[in-house]
Amino acid sequence: GAGSALYGTSALGGVINLITEEPSDNLEIKLNTFTGIYTKPRYEQWVWTNDNNLYSGIHTSISKRFNNFNLLASAQYFSNNGYREYNDETRGSVFTKMKYKLNDYSHLSLLFNYTSADRADWVYWNSLDSATLPPTNTNKNIRLHSDQISIFGDYNYIINDNNFLSVRTGAFITKFNNSYNESNLEYRQSNAVNFNTEVQMNTNVSEFNNLTYGMNVNLINVNSITYNDRTQNIYSGYFQWELSQIKDLVGTFGARFDYEDTKYVESNLEISPKIGLSYKLIDKLNLRASAGRGFRAPSVAERFSSVEYQGFDVLPNPDLKPEISWSYEFGINYETKIANNSIFLDFSIFRNDLDNLIEPTFANSSTANIQFRNVQQARIQGIELTAKSFLLNVIGLESSFTLMDPMDMNLNQTLNYRSKLLWYNRIIIPLGLVELQMDYRYKQKYDNIDKQLGLIIKDIDARVDIHILDARLLFNLSNFINKDIRIILSARNLLDYYYTEMVGNLGATRMIMLQLDAKL
């Protein structure tokens, strides 16, 4: 459900929390390296080179605990020649997390990440007949370069048995530009800094009452030829109360207040309440229900982009409003064992009512001018079923089925670029010294697109249902040597199925890859 009560803008559909592992006392070195090759397309007119198109990379990390000091550091490099002409990319990054225990009640963490990427500026195909080639007039010497830097500090302090303080502050810095001359109409460039500071308290009010509350300041400064110089500041306060006084029932109640102040546009005050209930009906059978309001403030790019880009002219829209959602969900999950087979089932019904949904839209019917605009009302509702099992505690099975109805309520039609049916599957089969893993993904083709894309892009109606099968064979060498080493032979899009995720963009063709994972 909506996660805006604790996390603010952009958490309309929930959040994912990633936690890096804590180092052990022993020095641990990990190495992951892989090399893959895209196979030649079945259609001769799609074969654009006689060279091997490689996909390769290396990732290494080191971690260790030194008394009160923890260190985790990693570096990676990635190179992709691409399965289409003028679609190559290289990317490198370094990451460091240091944690120091000041005393029994507090610790300080510092996180640093730097990523640099250089890639071709691919947008859409020349035509379906030449789907691996960009349009004929594309300047293939133009590159798009970007740098991203994150520096964040985190201080945690246990005040007493019932109160815990956390202070987080840092900056996220982004830079990008293409290699056109600055006088060229298609030159794009932007430098931005996002300063984010949060103070959060966790209070155990009583045995059955926990309160989380805090303040957050998010300051964004943009210096850009594409967007001009802009500032966007969001000031927030929030609380969330968790109550578990009633047996087998846990209730969560919260709200957040966000004040968005963007230069040259009207300010916005957003109030995002949330309620969630979880009830254990019987052993291993749980019911849940939630309702909440979420919002997403328009980005600087959406409001102020002004650029000509490979046939499209993107126009600014400073009047763009935040998109608002009310999310409702009811779900049930059950875990059992039948004839020594573990089974987990989860079923949910959901509905999202959205106001002012932000969509890229053609400004008029006769030109390729694009502007981000608010779709006045939209509704996305549906059901989802997930099943997991370990047959005989050996063979792993997982299947997830989602059926949705995404509607533009103003036009009374399906929203553009939305699939109504998704189906994901996985099977894990141990085969003695090796393990076979297979994933199958189905995505129903979307009903509606912007027909005006046909003014620029050829064959915009070339779209089909998506059927993707991936397979992996894992060889665990620890069965033969006293080292934690795995060799993985994998195939992505094993059946070499041809499809488009977006209009005028052929999806990734088949790739065969060999991978080595080692822990030293």
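The values are calculated or read from the model by the stated rules, or taken from the named source; none is laboratory data. Computed from a predicted structure; not experimentally measured. In this analysis, Cβ positions are derived from the backbone assuming ideal geometry, glycine residues included, and neighbour counts consider all displayed protein chains. Side chains included, ligands, DNA and RNA excluded: accessible areas come from the protein's heavy atoms. Shrake-Rupley method; radii C 1.70, N 1.55, O 1.52, S 1.80 Å.
Identify all residues within the stretch 314-324 that are open to solvent by less than 50 Å² (accessible area, probe 1.4 Å) and of a type in the set (D, E); write none if there are none.
If the condition is that a residue be open to solvent by less than 50 Å² (accessible area, probe 1.4 Å) and of a type in the set (D, E), then E323 is the only one that fits.
If you check T336 against the conditions, is it open to solvent by 30 Å² or more (accessible area, probe 1.4 Å), touching a residue at least 12 places away in the same chain (Cβ under 8 Å) and outside any strand (DSSP E or B)?
In short, no.
Among all residue pairs at least 6 apart or on different chains, which show Cβ distances below 7 Å where the first residue, located in the stretch 399-420, is free of Cβ contacts under 8 Å to residues at least 40 places away in the same chain and within 21 Å of E501 (Cβ to Cβ) and the second is hydroxyl-bearing (S, T, Y) and open to solvent by 20 Å² or more (accessible area, probe 1.4 Å)?
Filtered contacts from the stretch 399-420: S400/T386; S400/Y424.
Among L506, L489, L494, which is hydrophobic (A, V, I, L, M, F, W, C) and within 25 Å of L453 (Cα to Cα)?
The match here is L506.
Among all residue pairs at least 6 apart or on different chains, which show Cβ distances below 8 Å where the first residue, located in the stretch 18-45, is free of Cβ contacts under 8 Å to residues at least 40 places away in the same chain and the second is of a type in the set (G, A, S)?
Qualifying pairs under 8 Å: L27/S63.
Filter the stretch 123-159 down to the residues that are under 21 Å from the mean Cα position of the chain (by Cα) and modelled with pLDDT under 95 and list them by number.
V123 - this is the single residue of the stretch 123-159 that is under 21 Å from the mean Cα position of the chain (by Cα) and modelled with pLDDT under 95.
When the residues of the stretch 124-174 are filtered to those that are out of contact with any helix residue (DSSP H, G or I) (no Cβ under 9 Å at 6 or more places or on another chain) and aromatic (F, W, Y), which remaining residue is surrounded by the most Cβ atoms within 10 Å (Cβ to Cβ)?
Among those that are out of contact with any helix residue (DSSP H, G or I) (no Cβ under 9 Å at 6 or more places or on another chain) and aromatic (F, W, Y), it is W125.
For the stretch 280-329, how many residues meet the condition of being of a type in the set (D, E) and under 20 Å from the mean Cα position of the chain (by Cα)?
2
How many of the residues in the stretch 179-209 are part of a strand (DSSP E or B), crowded, with 16+ Cβ neighbours inside 10 Å and touching an Asp or Glu at 6+ places or on another chain (Cβ under 8 Å)?
So the count comes out to 1.
I'd like to know if the stretch 275-284 contains one or more residues that are assigned to a strand (DSSP E or B), open to solvent by less than 40 Å² (accessible area, probe 1.4 Å), within 22 Å of N196 (Cα to Cα) and touching a strand residue (DSSP E or B) at 6+ places or on another chain (Cβ under 7 Å).
No, every residue in the stretch 275-284 fails to be assigned to a strand (DSSP E or B), open to solvent by less than 40 Å² (accessible area, probe 1.4 Å), within 22 Å of N196 (Cα to Cα) and touching a strand residue (DSSP E or B) at 6+ places or on another chain (Cβ under 7 Å).
Going through the stretch 443-459 one residue at a time, which ones are acidic (D, E) and open to solvent by less than 40 Å² (accessible area, probe 1.4 Å)?
Within the stretch 443-459, just D450 meets the criteria.
Being surrounded by 15 or more Cβ atoms within 10 Å (Cβ to Cβ), modelled with pLDDT of 95 or more and within 20 Å of E501 (Cβ to Cβ), is that true of even one residue in the stretch 55-68?
Within the stretch 55-68 (the criterion being surrounded by 15 or more Cβ atoms within 10 Å (Cβ to Cβ), modelled with pLDDT of 95 or more and within 20 Å of E501 (Cβ to Cβ)), the answer is yes, since at least one residue qualifies.
Do we find a residue being modelled with pLDDT of 90 or more, within 30 Å of N369 (Cβ to Cβ) and either open to solvent by 40 Å² or more (accessible area, probe 1.4 Å) or among the hydroxyl-bearing types (S, T, Y) (or both) anywhere in the stretch 254-264?
Within the stretch 254-264, one or more residues are modelled with pLDDT of 90 or more, within 30 Å of N369 (Cβ to Cβ) and either open to solvent by 40 Å² or more (accessible area, probe 1.4 Å) or among the hydroxyl-bearing types (S, T, Y) (or both).
Report, ordered by the first and then the second residue, all pairs with beta carbons closer than 6 Å, sequence separation of six or more or different chains, a first member in the stretch 130-148 that is touching a residue at least 24 places away in the same chain (Cβ under 8 Å) and assigned to a loop (DSSP other than H, G, I, E, B), and a second member that is surrounded by fewer than 15 Cβ atoms within 10 Å (Cβ to Cβ) and not hydrophobic (A, V, I, L, M, F, W, C).
I142/S179
Within the stretch 419-442, take every residue that is of a type in the set (A, V, I, L, M, F, W, C) and within 19 Å of M511 (Cα to Cα) and give me the one that is least open to solvent (accessible area, probe 1.4 Å).
Restricting to residues being of a type in the set (A, V, I, L, M, F, W, C) and within 19 Å of M511 (Cα to Cα), the top hit is L436.
If A2 meets every condition in (1) closer than 30 Å to P273 by Cβ; (2) open to solvent by 40 Å² or more (accessible area, probe 1.4 Å); (3) not β-branched (V, I, T) apart from one, which number is that one?
Looking at each condition in turn, A2 falls short on (2).
What's the number of the condition Y55 fails, among (1) without any contact (Cβ under 8 Å) to a residue 60 or more places away in the chain; (2) touching a Phe, Trp or Tyr at 6+ places or on another chain (Cβ under 9 Å); (3) part of a strand (DSSP E or B)?
It is condition (1) that Y55 fails.
For (1) touching a strand residue (DSSP E or B) at 6+ places or on another chain (Cβ under 7 Å); (2) modelled with pLDDT of 95 or more; (3) open to solvent by 30 Å² or more (accessible area, probe 1.4 Å), each residue gets a yes or a no:
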{"site": "H467", "(1), (2), (3)": "yes, yes, yes"}
{"site": "F480", "(1), (2), (3)": "no, no, yes"}
{"site": "D496", "(1), (2), (3)": "no, yes, no"}
{"site": "T500", "(1), (2), (3)": "yes, yes, no"}
{"site": "M511", "(1), (2), (3)": "yes, yes, no"}
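Each row is one residue, and each column tells you yes or no for (1) in contact with a Ser or Thr (Cβ under 8 Å, 6 or more places away or on another chain); (2) surrounded by fewer than 18 Cβ atoms within 10 Å (Cβ to Cβ).
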residue	(1), (2)
I358	no, no
N369	no, yes
R373	yes, no
T386	yes, yes
P406	yes, no
